[in-house]
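No lab work stands behind these numbers, since they all come straight from the coordinates. Remember, predicted model here, so these are calculated numbers, not experimental data. Neighbour counts run over all protein chains shown; Cβ positions are idealised from the backbone, glycine included.
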Ligand code: T5A
């Protein structure tokens, strides 16, 4: 069986990393082999690119440059790790994937959506997640959990209007992609959020085994 791609999406501090970590433990307990990574990141090259995207010294870089950085990081992790892991039948867990690019660089920064989505597909080699977990929470609540926006993070410092467009962007993508999006109210307890994720995953996994 071809592997399963599960992505975690949402604004900063929504709980993606927390849930991705729990999900790894859950897969280990179930005896399912997996590959887990984050975007941008996951390879030496992509981690170096990640540092560039966050570096406040370059926060005035062109928006197209920012887009290209995310796509460059993606192309490397997809080619070297994600595609091979899926081909080996593994569950692949990604803490952010191209829905973040559509939302941040198009809805957030204002780049043409068609162009962004075309580049997403090039970098992702046409992969489409089987399940996208969208952890939904207000920016205020998420940042209060994190203890405020990171002063040294170029994207977190992008302002309230930008982050409101991010929230709206994820809502739009969720409506447009109901077949793969699971929208979870991330103000619930960590355990309640997690229960909804495993239940959706089990459904997808069963269907995949049946070849649906
Ligand atoms: N970006 C990324 C783009 O602009 N374009 C792109 O194409 C891509 C891929 C990446 C940045 O790059 C941008 C988006 C981002 O700005 P990142 O570090 O991966 O940066 O993303 P962040 O969202 O900033 O990561 P965070 O670690 O800040 O947020 P998480 O992972 O969503 O949240 P998490 O799990 O660390 O939780 C935050 C806090 O909340 C608590 C946790 O314990 C933690 O303290 N928490 C809860 N508390 C109560 N109840 C719950 N249910 C909780 N869940 C978590």
Residue pairs within 8 Å by beta carbon, gap of at least six or interchain, first lying in the range 88-112 and within 18 Å of residue 123 (Cβ to Cβ), second near the ligand (Cβ under 7 Å from one of its atoms) and in a strand (DSSP E or B), listed first then second, are 94/38; 95/38; 96/38
In the set 188, 125, 196, 157, the lone residue that is near the ligand (Cβ under 9 Å from one of its atoms) and either surrounded by fewer than 19 Cβ atoms within 10 Å (Cβ to Cβ) or over 18 Å from the mean Cα position of the chain (by Cα) (or both) is 188
Of those in the range 133-150 that are part of a helix (DSSP H, G or I) and without any contact (Cβ under 8 Å) to a residue 12 or more places away in the chain, the residue nearest to residue 189 (Cα to Cα) is 144
